[in-house]
Amino acid sequence: MGITRVGVVGCGLMGSGIAEACARSGYAVVVREVSEELLAKGLARVEQSMQRGVQRGKLASDEARAARARITGTTRLDDLAEVDLIIEAVVENMPLKQEVFRELDRRCPPSTIFASNTSSLSITEMASVTSRRDRFLGMHFFNPVPVMKLVELVRGLQTVDPTMTAGRRFAESLGKTVVVCKDSPGFIVNFLLVPYLLDAVRALEKGVATKEDIDAAVQLGLAHPMGPLTLLDYVGIDTTYYIAEAMFQEFKDPRYAAPPLMKQMVLAGLHGRKSGRGFYEYTKEG
Ligand code: CAA
């Protein structure tokens, strides 16, 4: 199961980071978005991130140029027919993800491994619409992908050992540390992270403290790199809301029920850093 060519479906926050990390590690990458506009936006994000990497001394400018040249953008799923591994990173919506995999299953040879970057949805359920349930796994990256060292590798009910081994080798070749988990909602990180983030919003709703003080308390009192409300803005309030909803549907546990303020912010388009405003406001410079 040698992997040299990688397909990435979706070039949003996660998809663009995954495409960048793969290209920086020498893989040829085909990344697909639904429109030319979204594709251009995603590829611009890759370039900005690589420039930041160059400025921070993490990669040489000729390496950045070479990595960028390894990425091909497309709006056609047909262009993913010849890759060895596909990593799906579209929005957290099961019917949409299943539709993407159903379409890819018709186009790709049986040897192509399918992976989903889902944060919370069932790998087994996604794999069920394909003819390759044994060569299907979860590969969950963290934002910002080029910086964060973890990949959660998720074994679906029918995923076989060689698929897990190929997934591990691939993730490690990107410089990531792998943890393995079963197909359980939220896997390891979001099982723990989501109730904490929702509690931070509840604390704000209840007037326990200002948003600045909630963030400063966690950042300085617990030595986290970001406070929870800043992290929510960073990950995306909409994304976290969809993750929480999916986990609530599975567990029926109120710890995963998104607070009303979060729902209102999603409906109002206050999605965090990417939309210019969430709990905080963001200028172009950040
Ligand atoms: N390429 C390579 N390296 C880069 C880079 C890039 N584009 N941009 C930054 N870096 C490196 C920097 O060189 C620096 O490295 P050193 O520590 O070796 O110097 C490091 O990354 C930190 O970068 P900065 O100094 O620019 O920025 P910072 O210190 O303000 O950190 C941050 C930014 C990494 C985002 C930090 O605030 C952080 O870790 N925040 C928490 C992020 C987090 O929790 N992510 C997980 C979210 S949950 C998720 O994603 C999953 C889900 O399902 C919801």
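The values are calculated or read from the model by the stated rules, or taken from the named source; none is laboratory data. Here the structure is a predicted model, which means the values were calculated and not measured. Please note: Cβ atoms are built from the backbone with ideal geometry, for glycine as well, and neighbour counts cover all protein chains shown. Surface accessibility is based on the protein's heavy atoms, side chains included, excluding ligands, DNA and RNA. Shrake-Rupley method; radii C 1.70, N 1.55, O 1.52, S 1.80 Å.
What to note about this one:
- Of the residues making up the range 155-164, not a single one is open to solvent by 20 Å² or more (accessible area, probe 1.4 Å), within 16 Å of the ligand (Cβ to nearest atom) and either acidic (Asp, Glu) or without any contact (Cβ under 8 Å) to a residue 12 or more places away in the chain (or both).
- Qualifying residue in the range 77-91 (condition: open to solvent by 30 Å² or more (accessible area, probe 1.4 Å), within 28 Å of HIS271 (Cβ to Cβ) and touching a residue at least 60 places away in the same chain (Cβ under 8 Å)): yes
- Residues located in the range 189-206, provided they are open to solvent by 70 Å² or more (accessible area, probe 1.4 Å) and either among the β-branched types (Val, Ile, Thr) or away from the ligand (no atom under 16 Å from the Cβ) (or both): GLU205, LYS206
- Pairs linking a residue in the range 230-244 that is free of Cβ contacts under 8 Å to residues at least 40 places away in the same chain and near the ligand (Cβ under 10 Å from one of its atoms) to a residue that is in a helix (DSSP H, G or I) and aliphatic (A, V, I, L, M), with Cβ atoms under 7 Å and 6 or more positions apart or on different chains, are LEU231/LEU197.
- Residue check, ALA166 within 20 Å of PHE101 (Cα to Cα) and either at pLDDT 95 or above or outside any helix (DSSP H, G or I) (or both): yes
- Among residues of the range 102-130 being among the small types (Gly, Ala, Ser) and out of contact with any Pro (no Cβ under 7 Å at 6 or more places or on another chain), the one that is most open to solvent (accessible area, probe 1.4 Å) is SER111.
- Test result for GLY12, under 16 Å from the mean Cα position of the chain (by Cα) and open to solvent by less than 10 Å² (accessible area, probe 1.4 Å): no
- Among residues of the range 196-207 that are closer than 17 Å to ASP253 by Cβ, those with a beta-carbon under 7 Å from a residue that is in a helix (DSSP H, G or I) and open to solvent by less than 10 Å² (accessible area, probe 1.4 Å) at least six positions away or on a different chain give the pairs TYR196/PRO228; LEU197/PRO228; LEU197/LEU232; LEU197/THR240; LEU198/ALA244; VAL201/MET262.
- So PHE251, is it touching a residue at least 60 places away in the same chain (Cβ under 8 Å) and surrounded by fewer than 18 Cβ atoms within 10 Å (Cβ to Cβ): yes
- First in the range 47-59 and more than 17 Å from ILE71 (Cα to Cα), second anywhere and assigned to a helix (DSSP H, G or I) and more than 7 Å from the ligand (Cβ to nearest atom), Cβ under 6 Å, 6 or more apart: VAL54/SER61; VAL54/ALA64
- For GLY167: the one exception among (1) in contact (Cβ under 8 Å) with a residue 60 or more places away in the chain; (2) open to solvent by less than 40 Å² (accessible area, probe 1.4 Å); (3) away from the ligand (no atom under 12 Å from the Cβ): (1)
- Qualifying residue in the range 269-284 (condition: within 13 Å of the ligand (Cβ to nearest atom), farther than 20 Å from GLU92 by Cβ and surrounded by fewer than 17 Cβ atoms within 10 Å (Cβ to Cβ)): no
- GLU99 passes every criterion in (1) within 15 Å of the ligand (Cβ to nearest atom); (2) surrounded by fewer than 19 Cβ atoms within 10 Å (Cβ to Cβ) apart from (1).
- For the range 207-237, the tally of residues that are hydrophobic (A, V, I, L, M, F, W, C) and open to solvent by less than 50 Å² (accessible area, probe 1.4 Å) stands at 9.
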